[in-house]
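Student: Here it is, the structure in full.
We did not get these values from a lab; they are worked out from the coordinates using the rules stated. It should be emphasised that the depicted structure is a prediction, and the values quoted were computed from it without experimental measurement. Quick reminder, even Gly has a Cβ in these numbers, built from the backbone with ideal geometry, and neighbours come from all protein chains shown.
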Amino acid sequence: MYITCLDLEGVLVPEIWIAFAEASGIPELRRTTRDEPDYDKLMKWRLGILKEHNLGLKEIQETIAKIDPLPGAKEFLDTLRSECQTIIISDTFTQFAAPLMKKLGMPTIFCNSLEVAPNGEITGFKMRIENSKLTTVKALQSIGFDTIASGDSYNDLGMIQASKAGYLFRTTDKIKADYPNLPAFTEYNELLEAIREQLKK
């Protein structure tokens, strides 16, 4: 039995930190896992910038409230979920993801959580499990599932490469060049067809 594991940001919804960088006028916050492979390093750097500018969870959630799924994402996800068990595995946080899951029809998501002070300052973050995407895919495989995985960033490569079938979706030219063996798609219908072909095997 197959389970499809999808990344969230860049695949189904716009990058939250890029949207917040634009809303806050802080261009440094545009940096994402497409640019920085070390997620722990990236998040600590982001939290430092937030503290420096006296910004907290409330401001980020106000930006997230205005974010809609990427065009065609909900229809793609609805169709995929009707044909295959599907889980979103993301390095985002429950406090960011909840309103977006409502707009996507409440799919299952495995993500992390933020540590927030009473005044709304984000003081830290708690990863659900180390190397969460790869670890989750291996755990699913250990209980008898075959996995299909798709994502766009460095932190997706582990789960993509460990799966029975893995696809890059709307990734960077650099990642495509560095991993030429991985099929890369830019349209939902292409990704859906590739997953359907794998489900027949």
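Student: As an exercise, identify the GluC sites (Glu not before Pro) in the range 54-154 lying in DSSP coil whose Cβ has no more than 10 other Cβ atoms within 10 Å. The partial results should precede the final answer.
Tutor: On the way: sites: E59, E62, E75, E83, E115, E121, E130; in loops: E121, E130.
Answer in residue order: E130.
Student: Turning to a different aspect of this structure: Based on DSSP, what percent of beta bridges with both residues in the chain are antiparallel, to the nearest 5? Please list the in-between numbers first.
Tutor: Working: 4 of 23 bridges.
Counting DSSP beta bridges with both partners in the chain, the antiparallel share is about 15 percent.
Student: Within a Cβ distance under 14 Å of I89, other residues only, what is the Lys/Arg minus Asp/Glu net charge?
Tutor: Working: positive: R128, K133, K138; negative: D7, E9, D91, E130, D152, D156.
Here the count lands on -3.
Student: Hey, another quick one. Which residue, I18, I143, I109, tops the fluctuation ranking in a GNM of the chain built on C-alpha contacts under 10 Å?
Tutor: Among I18, I143, I109, the largest mean-square fluctuation in the Gaussian network model of the chain belongs to I143.
Student: Along the charge dipole of the chain, pointing to its positive end and built from +1/-1 on Cβ of Lys, Arg, Asp and Glu, which listed residue (S153, F110, L57) has its Cα farthest out?
Tutor: After comparing all options, I get F110.
Student: Quick check for me: using +1 on Lys/Arg Cβ and -1 on Asp/Glu Cβ, what's the dipole size of the chain about its Cα centre, in debye to the nearest 20?
Tutor: Values: 24 positive and 29 negative charges, 82 e Å.
Taking the Cα centre of the chain as origin, the dipole is about 400 debye.
Student: Going by Cα centres, the range 139-193 and the range 6-48 are how many Å apart?
Tutor: 20 Å
Student: Filter K41/K126; K103/K164; K103/K126; K66/K103; K51/K102; K102/K138 down to the pairs with a C-alpha to C-alpha distance above 19 Å, please.
Tutor: Numbers: K41/K126 14 Å; K103/K164 29 Å; K103/K126 25 Å; K66/K103 11 Å; K51/K102 29 Å; K102/K138 28 Å.
K103/K164; K103/K126; K51/K102; K102/K138, as the Cα separations exceed 19 Å there.
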